[in-house]
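Following: one structure in structure tokens, then a few remarks.
The values are calculated or read from the model by the stated rules, or taken from the named source; none is laboratory data. Keep in mind that this is a model prediction, so the values were computed, not measured. Cβ placement follows ideal geometry from the backbone for every residue including glycine, while neighbour counts extend to all protein chains displayed. Each accessible area value is taken on the protein alone, full model and side chains, heavy atoms only, with ligands, DNA and RNA left out. Shrake-Rupley method; radii C 1.70, N 1.55, O 1.52, S 1.80 Å.
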Amino acid sequence: DNVLYVTPDCYDPEQDIFTAVYTLGDDNKLSRIEKEIRPTVLIDRGFFGPNNPESTIPVVSNRDLRAVSLDKFTMYDQLREYMPLSVQYSADTPLVDIPDTIGDNFIVKARRGSGGNSIWVMNKEQFQQDIARGTLKGDLLIQKLVESDGIKAGLGFAGRHDVRLFIAGDKVVGSYIR
């Protein structure tokens, strides 16, 4: 029932176990626990599965999925029918026309940003000014803003926030708010 964090140095391939885990305390700090543990399932950020093909620990995710999730252009191409309307912008192409259906305010994301970094809410005028000034550079994804403020009831979060869902098959199996 607990989420434990592991690092590559804690894995013992001969026993197919982790010799230490990290847990997140109430103070939001990680604490290392020296304990042998074999996870029920491992959500992999790319280090475990490809490097340990003999392991019998079930792994969710892999390096290919991570590559898709880190490139927002590729992710949008793959998941277009499930994502908000998006327009790709590259610095080496002329300024794109932002469709009216994207709305007055929209999200601008760096193509390879992660962890909530390089994400801005802006309007067309701000976007065009920032492009002209060189404030926004590189490849960008312009995406319809889906307001999340309306889901705050009962969650204890006010204002805009990012809701992440974990889906297995056709069922939501986990979520978190960032």
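The figure for VAL146 is an accessible area of roughly 100 square angstrom, using a 1.4 Å probe on the protein chains alone. Computed from the C-beta positions of TYR5 and GLN129 and an R0 of 35 Å, the FRET efficiency is 0.25 to the nearest 0.05. Among the trypsin sites (Lys or Arg not before Pro) within the range 107-137, those in coil by DSSP and having at most 13 neighbouring Cβ atoms inside 10 Å are ARG112, LYS137. The stretch between VAL121 and TYR22 holds 32.2 nm of extra length on full extension. This uses 0.36 nm per residue minus the Cα-Cα distance.
FRET efficiency for the LYS137 to GLU34 pair, using the beta carbon distance and R₀ = 41 Å, is estimated at 0.35.
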